[in-house]
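The structure appears right after this line, and notes come after that.
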Amino acid sequence: MENKKSLNAKRLTKRQVQELIESEERLHEEFTEFFEETYSTGYKNQPQVYELSNDRFLFVFDPKGISIPGRGDIYAKEYFLRMIQWTQNVREDYSNGHGSSVAHWFYYSKHRVQLVNKIDELIDELVRCLDISHDQLDFSYKSLDILSSKAEDYGSEKIQAELYDNLVAYVGEVIRRRVKGHWIVREDYPGCEYPIVSVNQGVLMPVNVVWQELGGLEPMNLRKEAANEVRRFSLRYR
């Protein structure tokens, strides 16, 4: 488990973990059970979760594990609950066969390959649903900050169910205009075709950008991920 958002600057040692447990021993049985995993090899990973004072949780790596047994991290309650929801979503996506960006978008998409013919219509719908003015959505990177904030308020699950295509359309247009590309449908996965932005025999994937931000642990940041997609393209094809 990542510890970059933990409240402790460095991962806690086994001794520090034990001292915390002894002073505030409140094993959270439900969350402990949630994080248990049995791998195909038969190995069972059994981390532990303790509820601490001041709305904090202590995540302890499996005391009998191989890499960092018994060490731990402390998380704020709000972030930890978000991490649990993220873990649950990832498990469900993979078990249902849509763990990749393309498979995930294809599963939730209302328009699928017709998206490339409905860009303006989808952006108009996005403006109405998220209560954004057309002036704010000027296809700049800055506009992606506004869109990220509005989408976060709307809720990632609602966006996923209702406005997935709309986000792909707008993010794709921002990217397309920046690299002077054009929309095409990629058909390398028969039965799971998807929209991309093509330029100079290279491709950029707005589907990847939206998928990364919808499924992330952090608040949505479409600007950052769109810029990363353009940067990766520039390094590879230019």
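Could you check how many residues of region 44-74 are outside any strand (DSSP E or B), surrounded by 12 or more Cβ atoms within 10 Å (Cβ to Cβ), out of contact with any helix residue (DSSP H, G or I) (no Cβ under 7 Å at 6 or more places or on another chain) and not hydrophobic (A, V, I, L, M, F, W, C)? Here the count works out to 5.
Starting from residues that are among the hydroxyl-bearing types (Ser, Thr, Tyr) and touching a residue at least 60 places away in the same chain (Cβ under 8 Å), keep the ones in region 65-100 and report whichever is farthest from Tyr50 (Cα to Cα). Give the steps one after another, and end with the answer.
Quick first cut of region 65-100, residues among the hydroxyl-bearing types (Ser, Thr, Tyr) only: 67, 75, 79, 87, 94-95, 100.
Next cut, touching a residue at least 60 places away in the same chain (Cβ under 8 Å) only: 75, 79.
Working: Tyr75: 11, Tyr79: 15 Å.
Applying the filter and picking the extreme gives Tyr79.
Scanning region 149-183 for residues that are among the aliphatic types (A, V, I, L, M) and in contact with a Cys (Cβ under 8 Å, 6 or more places away or on another chain) turns up just one, Leu163. Only one entry in Gly191, Gly181 is without any contact (Cβ under 8 Å) to a residue 12 or more places away in the chain and among the small types (Gly, Ala, Ser), namely Gly191. Those residues that are among the charged types (D, E, K, R) and modelled with pLDDT under 95, I need them from region 194-226; list them, please. Scanning region 194-226 gives a single hit, Glu218. Among the residues of region 56-72, those that are more than 24 Å from the chain's Cα centre (by Cα) and of a type in the set (D, E, K, R) comprise Asp62, Lys64, Arg71. Inspect all residues belonging to region 207-229 and state whether any of them is outside any loop (DSSP other than H, G, I, E, B), of a type in the set (S, T, N, Q), in the same structural domain as Ser156 (by TED's automatic domain parsing) and surrounded by 17 or more Cβ atoms within 10 Å (Cβ to Cβ). The answer is yes; a qualifying residue exists. Being farther than 21 Å from Ala161 by Cα, free of Cβ contacts under 8 Å to residues at least 12 places away in the same chain and in the same structural domain as Met220 (by TED's automatic domain parsing) is a property that Asp120 lacks.
With region 77-175 as the region, which helices (runs of 4 or more DSSP H) entirely inside it contain at least 1 residues that are among the small types (Gly, Ala, Ser) and surrounded by 15 or more Cβ atoms within 10 Å (Cβ to Cβ)?
Because the criterion is at least 1 residues that are among the small types (Gly, Ala, Ser) and surrounded by 15 or more Cβ atoms within 10 Å (Cβ to Cβ), the helices (runs of 4 or more DSSP H) in region 77-175 that meet it are 101-108, 141-154, 156-162.
The values are calculated or read from the model by the stated rules, or taken from the named source; none is laboratory data. Predicted, not measured: the structure shown is a model, and the values here were computed from it. As a convention, Cβ positions derive from the backbone with ideal geometry for all residues, glycine included, and neighbour counts pool all protein chains shown.
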